[in-house]
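The values are calculated or read from the model by the stated rules, or taken from the named source; none is laboratory data. If you're wondering where the values come from, they're calculated on a predicted model, not measured in any experiment. Neighbour counts are summed over all protein chains in view; Cβ atoms, including those assigned to glycine, are modelled from backbone coordinates with ideal geometry. In case anyone asks, the SASA skips ligands and DNA or RNA and just uses the protein heavy atoms, side chains included. Shrake-Rupley method; radii C 1.70, N 1.55, O 1.52, S 1.80 Å.
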Amino acid sequence: MAGGLEDLIKQIVAVFSAGGGAGNSKQQVIDYLKDKGYSKEAIAGITANIDVETGGTFDYKQKERGTGKGEGLFQFDFMKPHYETWRKSNKKKDSIESQIDFMDEVVKGKVDMLGTQERAILGEFLFKPGHGRAEDIAGVFASVFEKPKKGKEHFDRRKDSAIDIYKSL
């Protein structure tokens, strides 16, 4: 129990030491996705997934609560070995930008982690203008990229977050 509280305190101190908390990291995610050319709908859908995966912290070092092994913006679990190989071969430090770059390369097929059909589905929603509302993109991104183990409430939270984020863009 003390380890969990100690980890939480370290995360809070790190967030405030870095200059501002989840709002700052959230905006950093949004700005970086915008710089990469994602549409407002896609930005909201992806950011909503990060919101749920990190418990609203938007901390690229966020550890999965409980007994899970997930870590980061996308809670890399089964993806972690792929991410580490990609990161080392590209000589990148772990960061918000690196995790988003990895996701971007995966969904664009530059990193062979998803199947052809999965990439086609994501491509349809993420890269075709006017295809899908933010909440639809959040659900597709969760199903195809995140593959959460939890139930419907996690999808509902992603969709609600996507709507809120989209309205703020």
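For this structure, a couple of remarks:
- Residues satisfying the criterion are absent from the range 82-97 (criterion: within 17 Å of PHE145 (Cα to Cα), in a loop (DSSP other than H, G, I, E, B) and out of contact with any Lys or Arg (no Cβ under 8 Å at 6 or more places or on another chain)).
- Residue check for PHE74: within 16 Å of PHE141 (Cβ to Cβ) and part of a loop (DSSP other than H, G, I, E, B): yes
- When the range 116-144 is filtered for residues that are at positive phi and open to solvent by less than 60 Å² (accessible area, probe 1.4 Å), only GLY132 remains.
- Filtered residues of the range 48-73 (kept if farther than 18 Å from LYS147 by Cβ and either crowded, with 24+ Cβ neighbours inside 10 Å or β-branched (Val, Ile, Thr) (or both)): THR57, PHE58
- Residue in the range 105-112 that is open to solvent by 50 Å² or more (accessible area, probe 1.4 Å), closer than 24 Å to GLY132 by Cα and over 16 Å from the mean Cα position of the chain (by Cα) present: yes
- Selection count where residues are open to solvent by 50 Å² or more (accessible area, probe 1.4 Å) and assigned to a loop (DSSP other than H, G, I, E, B), scope the range 28-47: 2
- Within the range 145-160, considering residues that are in a helix (DSSP H, G or I) and touching a Gly at 6+ places or on another chain (Cβ under 9 Å), the one most open to solvent (accessible area, probe 1.4 Å): LYS159
- Here SER143 does not qualify as under 14 Å from the mean Cα position of the chain (by Cα) and within 21 Å of GLY37 (Cα to Cα).
- Filtered residues of the range 98-126 (kept if over 23 Å from ALA44 (Cβ atoms) and outside any loop (DSSP other than H, G, I, E, B)): THR116, GLN117
- Residue within the range 113-136 that is within 24 Å of ASP59 (Cβ to Cβ) and of a type in the set (Val, Ile, Thr) present: no
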